[in-house]
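FYI, it's all coordinate maths here, none of it is from the lab. Because the structure is predicted, anything quoted here is derived from the model rather than measured. When we count neighbours, we look across all protein chains shown, and the Cβ atoms used for this are built from the backbone with ideal geometry, even at glycine.
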Amino acid sequence: MDLTTILLIAIGVVIFIAVILVIIGLRDREGGDPLQARLNEYAASGKIATLEEIELSQPLSERVLVPMARKLGEFTARFTPQNALQSTRHKLELAGNPKGIEPATFWLSRFLLAGLLGGAIFFVFSISSLDWSWGRKLLLVAVFTALGYFLPELMLKSKIERRQQEIRKAMPDALDLLTICVEAGLGFDGAMSKVHEKWNNELSFAFGRAIREMQLGKLRREALRDMADRIGIPEMTSFVAAVIQSEQLGVSMAKVLRIQSDQMRMKRRQRAEEAAHKAPIKMLIPMALLIFPSICIVLMTPAALQLLRSSLMELF
């Protein structure tokens, strides 16, 4: 086999294993226990089945791959510092706890992806006839290993930034709806419930989680502060502080919400203006690398051809 075929096989194996890791680590756990769901199905149908038959009726990922990933995650957590696990848990909360992934599973995915990328490149170099020195090969293996180790962290940071940006855009409209509901006679908890029912975005999900925590007995100010910590943007922190202060001082909640809505809308307009001012500077890079060379080629090519055909070239 030539080098191209080997590279394609290695890339295919890496992609297959990465898909398995994504299915295991980022699977949606909000659907409940799959074994309990199977028990409910057999109970509704009236069939008599043994526990072994019910377990075998589950998919292979639920019976083999998920328990294996959990065991590996627990093993990885033993050698991971607690500060790193707590920091990862906070980052996962900032990202909206995507698909219920745990910190140990996240660290396991980092180690496995680093080992898979580094091992795949090393395997390709070991069986290929590429005339490179071993120092150069090991350097490339180290680069791909570091890439596999930091790639989940970069993806998590990107998820956090997208979620925070979505919440920033939705906050003025959400505060308008809160203001309307409070002025119509609803309490603040009921207004948050209306936002959670009417919308389907990250901010409504955060409101819904805070409402469930309050229903379970947590104080409103504690639930709101925890919600602000899970979102991690200054706008939400100032909003929560204003709501808690108005509750403690007895200020009209509708007035506070209207003021906060106006401030959020003004901040969103300022961010839009800032982004518009940054756009010309960001456009310089593609213009310098792509547009200007093309323009130069289009304009200078006819002149260069005429110069080559002229008698001036005969002097050289």
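Numerical summary
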item	result
Reachable lysines, given that their alpha-carbon falls under 27 Å from the alpha-carbon of LYS157 and they are not under 8 places away in the same chain	LYS71, LYS91, LYS99, LYS169, LYS267, LYS278, LYS282
Protection-proxy order for peptides 80-86, 112-118, each taking the mean of Cβ atoms within 10 Å per residue, highest first	112-118, 80-86
For the range 162-220: rounded, prolate or oblate by the Cα gyration tensor [a/c cutoff 1.5]	oblate
Spin-label pair GLN165/GLN86, simplified geometry with 7 Å Cα→Cβ offset, distance in nm	3.1 nm
Relative exposure of ASP131, ASP189, ASP173, judged by other C-beta atoms within 10 Å (fewest first)	ASP131, ASP189, ASP173
